[in-house]
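What follows is a set of notes on a single structure, which appears directly below.
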Amino acid sequence: MDNAQLLNEIRETNLTYLLLAQRMIKEDKPAALFRLGINKEAAELIECLTPAQLLKIAAGNMLLCRFRFDNRVLGDMLSGYVKDKIMASSHAAVLMAGQGAEPIAA
Amino acid sequence: MAGKSLVSEARQTHMAIDLIQHGARLQLLEAETTLSRERLLKLYKEVRGVSPPKGMLPFSTDWFISWQPNIHASLFIDIHRYLTAHAEIRGIEATLKAFKLYLEHCQAHATEPVLSLTRAWSLVRFFDAKLLQTTPCTRCGGHFVVHTLELYDDYVCGLCRVPSRAGKTKKAAEQARALELKQAA
């Protein structure tokens, strides 16, 4: 994959992510906060972005969304080392729900 | 009821309908809405087509401790806690939203939901009354529902240390057999 294509794909992913996030927040804020794993300030920031701003933010060379399973246990769990798939997913969900929201640093 | 407002009544009715559709029992509706008992009864019959079940609600905290309900209850209460901490919603609104998110999880993973809305609601009330609390598992760090006032220094959750007979129900055995027969055929 050459660099231009890579950048293109990053931009597309960013834009899709932001648009989806924005739509989720507008439709149902509490549920969106839970699904996105962000806190209220971050959600409000995303909510009031204009399309032009979204495009500008999305156009960087870095991905805007990051992994939520930042600990080892959770990673293992999602990849399903446990024999029972349903149990693994429930376990992962309990861990993810117990994590804090991603804040915007002041 | 002094100062009856039509708008607030409409809102309450709307919420009551939502609650009934998600399987709330009459006791929950009476506690969480300001509508009269007769109205709620009528509403219940209209939405569900049957009379509400009679009798008391299950009141034991022990149900939430047994293996499978514990996992579901823990998931629900973690969602609920997240919502109340970050989304600034309270009371029945938070319970209903958390319950919907919990149902979604079950749907996404094709598991049968174990909690009902009424169970979830009583779980939240048990937490408010400090009969139950959560404690972190020492292995995975997830928060799980436990009784208050017990010692949990080396607590390991039911998912990190699965009891040997857990999940081996009659139904699961039948499903496994059906699958085997299908593969053999």
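Just counting partner chain Cβ atoms within 10 Å, what average do the residues of peptide B:140-150 show around their Cβ? Before the final figure, lay out each step's value.
On the way: counts 10, 7, 12, 5, 2, 0, 0, 0, 0, 0, 0.
Mean partner-chain Cβ count within 10 Å for B:140-150: 3.
May I ask you to sort B:Val124, B:Val114 by Cβ crowding, counting other Cβ atoms within 10 Å and putting the fewest first?
B:Val114, B:Val124
Starting with the fewest neighbours, write out B:Glu38, B:Glu93 ranked by other beta-carbon atoms found within 10 Å of each beta-carbon.
So the ranking, lowest neighbour count to highest, is B:Glu38, B:Glu93.
Leaving out same-chain residues fewer than 8 places away, which lysines sit with a Cα under 23 Å from that of A:Lys56?
A:Lys56 reaches A:Lys26, A:Lys40.
Once Rh for the stretch B:88-185 is found with the Kirkwood sum over Cα pairs, what is the Stokes-Einstein diffusion coefficient at 10 °C and 1.306 mPa s, in µm²/s?
On the way: Rh = 16.4 Å.
D = 97 µm²/s.
Using 0.36 nm times the number of residues separating B:Glu112 and B:Arg90, minus their current alpha carbon distance, what extension gain do you get?
Length difference between fully extended and current span is 5.2 nm.
Might you report the magnitude of the Cβ-based charge dipole of the protein assembly as shown about its Cα centre, with Lys and Arg at +1 and Asp and Glu at -1, to the nearest 20 debye?
Its charge dipole is roughly 840 debye.
Arrange the following residues from fewest to most other Cβ atoms within 10 Å of their Cβ: B:Asp153, B:Asp128.
If I rank by nearby Cβ atoms, fewest first, I get B:Asp153, B:Asp128.
Identify, among B:Phe59, A:Met96, B:Ile79, the residue whose Cα sits farthest towards the positive end of the charge dipole of the protein assembly as shown, taking +1 on the Cβ of Lys and Arg and -1 on the Cβ of Asp and Glu, with the dipole about the Cα centre.
Sorting the options by dipole projection puts first B:Phe59.
Which lysines does B:Lys45 reach when only Cα atoms under 16 Å apart count, and residues fewer than 8 places away in its own chain are ignored?
Those lysines meeting the cut-off are B:Lys54.
Does anyone have the angle between helix B:6-21 and the longest principal axis of chain B? Alpha-carbon axes, 0 to 90°, nearest 10?
30 degrees
Could you check the spin-label model distance between A:Leu45 and B:Lys182? Points 7 Å from the Cα along Cα→Cβ, value in nm.
For A:Leu45 paired with B:Lys182, the spin-label model returns 4.8 nm.
Using DSSP to call loops (not H, G, I, E or B), can you name the GluC sites (Glu not before Pro) in the stretch B:143-185 whose Cβ has at most 10 other Cβ atoms within 10 angstrom?
Passing sites in the stretch B:143-185 are B:Glu150.
Taking the Cα centre as origin and putting +1 on Lys and Arg beta-carbons and -1 on Asp and Glu beta-carbons, what dipole magnitude results for the stretch B:1-77, to the nearest 20 debye?
280 debye
How many angstrom lie between the C-alpha centres of the stretch B:102-141 and the stretch A:9-55?
28 Å
Modelled label-to-label distance, A:Arg11 and B:Asp153, 7 Å Cα→beta-carbon offset: nm?
Taking the two extended label points, one gets 6.0 nm.
To the nearest whole number, what is the average tally of beta carbon atoms from other chains within 10 Å of the beta carbons of peptide A:27-36? It would help to have the intermediate numbers written out before the result.
Working: counts 0, 3, 3, 13, 8, 1, 7, 10, 2, 0.
The per-residue average across the peptide is 5.
Once R0 is set to 51 Å, what does the formula 1/(1 + (r/R0)^6) return for the Cβ-Cβ distance between B:Arg39 and A:Phe67, expressed as a FRET efficiency to the nearest 0.05?
0.55
Plugging the Kirkwood radius over Cα pairs into Stokes-Einstein for the stretch B:1-139, at a temperature of 4 °C and a viscosity of 1.567 mPa s, what D comes out in µm²/s? Intermediate results must be reported in sequence, preceding the final value.
Working: Rh = 16.2 Å.
Approximately 80 µm²/s, per Stokes-Einstein.
Taking only DSSP H segments of four or more residues, each worth -39500 (n - 2.57), what value at 222 nm results for chain B once the sum is divided by all its residues, to the nearest 500 deg cm²/dmol?
Dividing the helical sum by the residues of chain B leaves -16500 deg cm²/dmol.
Set the Förster distance to 45 Å, then compute FRET efficiency between B:Thr169 and A:Ala4 from the Cβ-Cβ distance, nearest 0.05.
0.20
For peptide B:76-87, how many partner chain Cβ atoms fall within 10 Å of a residue's Cβ, on average?
Across B:76-87, the average partner-chain Cβ count within 10 Å equals 6.
In debye to the nearest 20, how big a dipole does the stretch B:84-185 give about its Cα centre with +1 on each Lys and Arg Cβ and -1 on each Asp and Glu Cβ?
The calculated dipole for the stretch B:84-185 is roughly 380 debye.
How tilted is helix B:37-48 with respect to the longest principal axis of chain B? Cα atoms for both, answer in degrees (0 to 90, nearest 10).
On a 0 to 90 degree scale, this one is about 50.
Taken together, the values in this text are just the output of simple stated rules run on the coordinates, not laboratory data. It should be emphasised that the depicted structure is a prediction, and the values quoted were computed from it without experimental measurement. Neighbour counts are summed over all protein chains in view; Cβ atoms, including those assigned to glycine, are modelled from backbone coordinates with ideal geometry.
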